Amino acid sequence: MKAALIYPYTKGGPPGCYPPISILYLASAIQQAGEDVMVIDIDDGYISIREILEKLDEYKPHFVGIPMFSNHLATAYDLVNLIRSAQPDCKIVLGGPHATVRPEQVLETFSGCDYVLRGESEGSIVELLKSMTNGSSLESIRGLSYRKDGEILHNPDVVLNTDLDTIAFPARELLADAYKKNTYWRMGYRGAADVIITSRGCPSACNFCFKVAKRFRVRLPENIVEELEYIKSQGISNVHIMDDLFVYEKERCLKILDLIKKRKLNMKFKVRARVDTIDKELLLALKDAGVIGVVFGIESGSQKILDAMNKRTTVEMNYQAIALTKKVGLQCHTDVFIGYPPETPETIKETEKLILQAKPTSLGIGVLYPLPGTKIYKQAKEQGTLRNDWDIKDPRVWIKLPWIENVKTLDDYENKIRKKHLCIPSVCFNAIRFALVGINFQRFKRLAKYFIQSTFLYRKMVNH
């Protein structure tokens with residue numbers, strides 16, 4: 001049985017590009033089951049859809065798997081139809097967040113799709129391959145949705161693996177050429193960059209967030225460091241620890257950091273954290289182990305909005321986390337978004353005030369995506385404030401607020417805050433400094449374009 005896993009959505013932008021770690025986990029599970037598998041990442045050589053089809057024609061897989069995201073449905077739809085036309089006997093399987101929350105819609109809309117795998121799928125994808133090989137019943141495969149006799153059937157959900165240390169490391173070797181070409185990189189790092197996930201799930205219940213699995217589970221420090229040692233052996237010294245809750249269990253985090261030092265990995269890391277999980281001791285330990293930056297999802301500078309989100313943090317925590325992180329000498333990266341009900345011009349101004357006063361090293365800002373499966377999506381749907389919905393036409397999905405007529409108003413606020421932040425002298429200096437680390441011509445073009453667009457007409461902007 002030959003399987004092909006495809007990541008058809010570009011991840012490369014001005015800040016960098018990371019490997020498609022989710023499908024590399026699935027590829028590893030398939031390998032362990034003794035089956036052949038190839039991985040195609042559209043960012044590996046910036047290939048086209050036509051080139052993806054050519055690779056499939058040469059490989060001739062029996063099984064093709066594609067992850068689905070709510071904001072990329074049109075790309076997935078077109079690719080599925082093209083694969084179905086070119087490989088009529090190949091089974092096409094869709095998974096990922098959107099397929100998990102809307103399997104019925106996927107099977108109704110994607111006529112070329114044979115199966116949907118919901119939830120964490122390292123086990124179910126192997127079971128499906130076995131069923132295809134020996135002709136056994138599909139009914140016992142947990143997390144599987146499929147058609148039978150004109151009906152769409154949904155098997156029970158997967159049983160979550162509570163021992164993450166039994167899951168094989170991602171099959172990075174299947175993208176060895178991409179790694180060698182430094183396809184995966186991040187602004188501020190010299191050389192290639194990689195990612196690692198040390199936990200799954202989340203005990204928080206933020207109203208805007210969708211998790212494929214909510215139950216929080218962790219890997220042991222020894223297992224994590226073993227994977228880091230493998231990454232280092234491949235010549236990569238820069239790693240982003242992607243899970244939101246790396247520092248959530250402080251003692252576990254300190255053990256991981258201590259082990260990193262004992263093994264003398266000499267690597268650089270970026271980690272994510274909630275503002276209510278850090279203190280000076282932890283930040284100093286992170287720095288001592290090689291962490292150079294912390295990413296906080298601060299979300300808003302308005303307590304009214306944070307409470308509406310069920311974030312369970314305070315604006316004061318946001319200020320303190322940013323200040324303390326910078327004080328110990330770490331980069332402080334922040335993510336915020338606007339447009340969450342009951343957002344008003346006044347609450348947006350509070351967020352702007354936080355950003356301009358706290359001066360985080362970098363700012364990721366956007367307008368709320370009301371993702372299916374989240375509480376805010378359900379609420380907006382019930383209240384009639386949801387504008388558009390997630391489908392293959394890829395419309396802009398947003399939530400109507402009483403004081404705006406179209407989403408452009410929110411886009412304008414977003415751009416204004418981003419530009420003002422970039423025009424802070426210390427932020428501007430750091431942005432240029434990080435951009436020039438490990439730069440090459442292609443990266444320089446992207447970063448220069450982004451910087452010019454973000455700071456253009458500064459005088460006009462500050463007068464508003």
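Mind telling me which of the residues ILE224, ILE256 ends up being closer than 14 Å to ASP194 by Cα and either part of a helix (DSSP H, G or I) or of a type outside the set (D, E, K, R) (or both)?
After applying the criteria, what remains is ILE224.
Evaluate region 177-187: report whether one residue or more is part of a loop (DSSP other than H, G, I, E, B), acidic (Asp, Glu) and surrounded by fewer than 19 Cβ atoms within 10 Å (Cβ to Cβ).
no
When region 258-277 is examined, which residues are found to be in contact with a strand residue (DSSP E or B) (Cβ under 9 Å, 6 or more places away or on another chain) and within 27 Å of VAL315 (Cα to Cα)?
PHE269, LYS270, VAL271, ARG272, ALA273, ARG274, VAL275
Within region 401-413, can you find the residues that are over 15 Å from THR344 (Cβ atoms) and either in contact with a Gly (Cβ under 9 Å, 6 or more places away or on another chain) or of a type in the set (Val, Ile, Thr) (or both)?
VAL407 - this is the single residue of region 401-413 that is over 15 Å from THR344 (Cβ atoms) and either in contact with a Gly (Cβ under 9 Å, 6 or more places away or on another chain) or of a type in the set (Val, Ile, Thr) (or both).
Go through TYR179, TYR189 for me and flag whichever is in the same structural domain as ASN266 (by TED's automatic domain parsing), of a type in the set (Ser, Thr, Tyr) and within 30 Å of TYR230 (Cα to Cα).
Testing whether each residue is in the same structural domain as ASN266 (by TED's automatic domain parsing), of a type in the set (Ser, Thr, Tyr) and within 30 Å of TYR230 (Cα to Cα) leaves just TYR189.
I'd like the full set of residues that are within 26 Å of CYS202 (Cβ to Cβ), in contact (Cβ under 8 Å) with a residue 40 or more places away in the chain and not hydrophobic (A, V, I, L, M, F, W, C), limited to region 138-162.
Selection gives SER145, HIS154, ASN161, THR162.
Filter region 87-98 down to the residues that are assigned to a helix (DSSP H, G or I) and in contact with a Leu (Cβ under 8 Å, 6 or more places away or on another chain) and list them by number.
PRO97, HIS98
For region 100-162, which strands (runs of 3 or more DSSP E) that fit wholly inside it have 3 or more residues that are loosely packed, with under 15 Cβ neighbours inside 10 Å?
151-154
I'd like to check something: does region 236-243 contain any residue that is within 25 Å of LEU117 (Cβ to Cβ), buried (at least 20 other Cβ atoms within 10 Å of the Cβ) and modelled with pLDDT under 95?
Yes; the residues of region 236-243 include at least one that is within 25 Å of LEU117 (Cβ to Cβ), buried (at least 20 other Cβ atoms within 10 Å of the Cβ) and modelled with pLDDT under 95.
Restricting to region 207-233, and then to whatever is more than 28 Å from ILE305 (Cβ to Cβ) and touching a strand residue (DSSP E or B) at 6+ places or on another chain (Cβ under 8 Å), can you tell me which residue is surrounded by the fewest Cβ atoms within 10 Å (Cβ to Cβ)?
ARG217
Hey, does region 331-344 have a residue that's touching a strand residue (DSSP E or B) at 6+ places or on another chain (Cβ under 6 Å), touching a residue at least 60 places away in the same chain (Cβ under 8 Å) and on the phi > 0 side of the Ramachandran plot?
Yes, region 331-344 contains at least one residue that is touching a strand residue (DSSP E or B) at 6+ places or on another chain (Cβ under 6 Å), touching a residue at least 60 places away in the same chain (Cβ under 8 Å) and on the phi > 0 side of the Ramachandran plot.
Matching residues to (1) exposed (fewer than 14 other Cβ atoms within 10 Å of the Cβ); (2) closer than 25 Å to MET317 by Cα; (3) in contact with a Gly (Cβ under 7 Å, 6 or more places away or on another chain); (4) modelled with pLDDT of 95 or more:
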{"position": "LEU356", "(1), (2), (3), (4)": "no, yes, no, yes"}
{"position": "LYS378", "(1), (2), (3), (4)": "no, no, no, yes"}
{"position": "LYS393", "(1), (2), (3), (4)": "yes, no, no, no"}
{"position": "ILE399", "(1), (2), (3), (4)": "no, no, yes, yes"}
{"position": "GLY438", "(1), (2), (3), (4)": "no, no, yes, no"}
{"position": "ARG459", "(1), (2), (3), (4)": "yes, no, no, no"}
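When only residues in region 188-202 that are within 18 Å of the chain's Cα centre (by Cα) and assigned to a loop (DSSP other than H, G, I, E, B) count, which is farthest from VAL39 (Cα to Cα)?
It comes out as CYS202.
So, in region 112-146, exactly how many residues are closer than 18 Å to ILE66 by Cα and modelled with pLDDT of 95 or more?
Residues that pass the stated criteria total 22.
The values are calculated or read from the model by the stated rules, or taken from the named source; none is laboratory data. These figures come from a predicted structure and were not determined experimentally. Neighbour counts run over all protein chains shown; Cβ positions are idealised from the backbone, glycine included.
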